[in-house]
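Novice: I'd like to ask some things about the structure below.
The values are calculated or read from the model by the stated rules, or taken from the named source; none is laboratory data. Since the model is a prediction, treat every value here as computed from it, not as a measurement. Neighbour counts are summed over all protein chains in view; Cβ atoms, including those assigned to glycine, are modelled from backbone coordinates with ideal geometry. These area figures cover heavy atoms from the full protein model, side chains too; ligands, DNA and RNA do not enter into them. Shrake-Rupley method; radii C 1.70, N 1.55, O 1.52, S 1.80 Å.
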Amino acid sequence: MNEIWKKNREKLLARMEMFSAAVLFAGKAPIKRGDENYPFSPDRNFYYVTGIEREDCILFLAKTRTGVEETLYIPRDNGVMAKWVGANMTAEEATAASGIENIGWIDAFEEDFATYLFRSGVKKIWLDMENREWHGERTPALRFAEKVHCHAPQMVIGDLYPLFSDMRLIKEEWELERMRKAMDITRLGIEAMMRTAKPNQKEYEIEAAYDYTLMVNGAREKAFRTIAAGGKRGTILHYVENNQTVADGELILIDAGAQWQWYNGDISRTFPVNGKFTERQKLVYNIVLEGQRRVIDAIRPGVQFSSLNELLKEYYFTALKEIGLVETREDVAKYYYHGVSHYLGAETHDIGRYGDRVLEPGMVLTVEPGLYIEEWEIGIRIEDDVLVTAEGNEVMTAAMLKTVDEIEAFMAKE
């Protein structure tokens, strides 16, 4: 398995100039309160080139005329604390997992780094400079960049984010295998919700069937907090309270994803808790379903990513005008106010620039059209995960039932 991480490090090094070095941080679970921490989740770029799932580790890579140097820094033996929280990873375990022979101790990293800069002739330091919030929490890479600027102001800082965006955007087979597993468990969980849903249940009671199904299938983590939005709450895109009663005759919008070995599925389905769509619900549902079909049919290499959303909005204008909801193209935004797709992978909204990007084989996209008609108390979203192939596309979640007839038949049988 560590051959995967070796190959990924080679891909990164190939994008780095001569006389440059890269530093990547695994991250550390923040303190929740008292002596409790939030659950740890490894930085995905760090994981992509190491395969290491432990916190408080650092990868150092360097590329000079004398060759490539790579060192993985890990915490030292934690002694008696092993009896409380488990033993820290040993140097041998770190090498076996990552394929990196040179293992250092995390408390020696900064001194080693300073010494290396002095003797190596390195002129550029690559760091992951992703920073989405100006006033947000500073990442380890951003904090380290400040130290580099202070102690070695002659160094140029390069941004690893676009490099990883390009590398991770095109999925390899081992990644697709993990994603297929996550998607299949997600499907089982949503089917469990359909199977057990009844009128006048709390949203969290319906969600519980999903959580149970994930756990018994070995998915200990979710890709994101589950959306289980009944009735009018389905018009709120990221409703996650899931604590209200879903009345007889109402729809419930589910947006859910399981995580498998740090890779994600992401599926949305909307269904009536009593198992039977009303005529109005069916009308809106089929508009969304047809919109999704048109977008999926358009996915193939060479297509501009942004054109998918424009295609959907154009169709929505025609369909919604026919049923009297809109008069102008601008009116569509009253009922559809998000994009139809995002990248999917080791992160639910996987890294990668959009802009004028064109589709390439190996990309995985969500296709998630929705309509949110507050005055009708109808929110519907239908989402599948789609792989761009050389010939066109593959709907990776095709096994998930989707049409009105399929949903009603499944719920009637159960």
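Novice: Could you tell me, in Å, what Rg and Dmax come out for the Cα atoms of the range 260-306?
Specialist: Considering the range 260-306 through its Cα atoms, Rg and Dmax are 15.3, 43 Å.
Novice: Here's another thing I want to ask about it. With a 1.4 Å probe and every protein chain kept in, tell me what percent of the accessible surface of the chain is carbon plus sulfur.
Specialist: Details: 9960 of 19610 Å².
The value for the chain is 51 percent carbon and sulfur by accessible area.
Novice: Treating cross-link reach as a plain straight distance, find the aspartates and glutamates whose alpha-carbon is under 12 Å from the alpha-carbon of Lys6, omitting any fewer than eight places away in the same chain.
Specialist: Within reach: Glu70, Glu101.
Novice: Under the Kirkwood approximation for Rh and a Cα-based Rg, what ratio Rg/Rh is obtained for the chain? Kindly include the intermediate steps, with their values, before the conclusion.
Specialist: Numbers: Rg = 24.1 Å, Rh = 23.5 Å.
We get a ratio of 1.03 for the chain.
Novice: Enumerate the whole-percent occupancy of each 5 Å bin, from 0 to the last occupied one, for all C-alpha pair distances of the range 140-210.
Specialist: Distribution as computed: 3, 13, 12, 9, 9, 8, 10, 10, 9, 7, 5, 3, 1, 0 percent.
Novice: Can you work out the base-10 log of I(q)/I(0) for the range 273-380 at q = 0.23 1/Å, using the Debye formula on its C-alpha atoms alone?
Specialist: Ignoring solvent entirely, the Cα scatterers give -1.25.
Novice: Let me know the whole percent of all Cα-Cα pairs from the range 158-277 that are separated by more than 19 Å.
Specialist: Working: 3516 of 7140 pairs.
When every Cα pair of the range 158-277 is considered, 49 percent fall beyond 19 Å.
Novice: Convex hull over the Cα atoms of the range 90-152, averaged projected area in nm²? Intermediate values should be presented prior to the final figure.
Specialist: Details: hull surface 23.9 nm².
Across all orientations, the range 90-152 yields a mean hull projection of 6.0 nm².
Novice: Keeping all protein chains in place, calculate the accessible area per residue for the chain (probe 1.4 angstrom), answer in Å². Mind showing how you got there, number by number?
Specialist: Values: 19610 Å² over 414 residues.
Here the residues of the chain average 47 Å² of exposed surface.
Novice: Trypsin sites (Lys or Arg not before Pro), restricted to the range 308-402: which are DSSP loop and have at most 13 other Cβ atoms within 10 Å? Provide the component values of the computation, followed by the final result.
Specialist: On the way: sites: Lys313, Lys321, Arg329, Lys334, Arg353, Arg357, Arg381, Lys402; in loops: Arg353, Arg357, Lys402.
Sparse-neighbourhood loop trypsin sites (Lys or Arg not before Pro): Arg353.
Novice: What translational diffusion coefficient, in µm²/s and rounded to a whole number, does the Stokes-Einstein relation yield for the range 204-328 at 25 °C and a viscosity of 0.890 mPa s, taking the hydrodynamic radius as the Kirkwood radius over Cα pairs?
Specialist: On the way: Rh = 16.6 Å.
Estimated diffusion coefficient is 147 µm²/s.
Novice: Still on this model: Roughly how many whole Å is it from the C-alpha centroid of the range 194-210 to that of the range 319-340?
Specialist: Answer, in whole Å: 31.
Novice: Further question on the same structure: State the volume of the convex hull built on the alpha-carbon positions of the range 1-74, expressed per residue in Å³ and rounded to an integer.
Specialist: On the way: hull volume 6.8 nm³, N = 74.
Dividing the Cα hull volume of the range 1-74 by its residue count gives 91 Å³.
Novice: Would you please name the GluC sites (Glu not before Pro) within the range 309-402 that are DSSP coil residues with at most 14 other C-beta atoms within 10 Å of their C-beta?
Specialist: Details: sites: Glu310, Glu314, Glu322, Glu327, Glu330, Glu347, Glu374, Glu375, Glu377, Glu383, Glu391, Glu394; in loops: Glu327, Glu347, Glu377, Glu391.
Those satisfying the criteria are Glu327, Glu391.
Novice: Report, as a whole number in µm² per second, the diffusion coefficient that Stokes-Einstein gives for the range 1-134 at 4 °C and 1.567 mPa s using the Kirkwood radius over alpha carbon pairs.
Specialist: Values: Rh = 15.9 Å.
In µm²/s, the coefficient rounds to 81.
Novice: With r defined as the distance between the Cβ atoms of Glu314 and Thr64 and R0 fixed at 41 Å, what FRET efficiency is calculated, to the nearest 0.05?
Specialist: 0.15
Novice: Given the -39500 (n - 2.57) contribution per DSSP H run of 4+ residues, what per-residue ellipticity at 222 nm results for the chain, rounded to the nearest 500 deg cm²/dmol? Could you put the intermediate results ahead of the total?
Specialist: Details: 12 runs with 152 residues, N = 414.
It comes out at -11500 deg cm²/dmol, rounded to the nearest 500.
Novice: Could I ask something else about it? Just to be sure I understand: if I project the alpha-carbon convex hull of the range 343-414 onto a plane and average over all orientations, what area do I get in nm²?
Specialist: Computing the convex hull of the Cα atoms and averaging its projections yields 7.5 nm².
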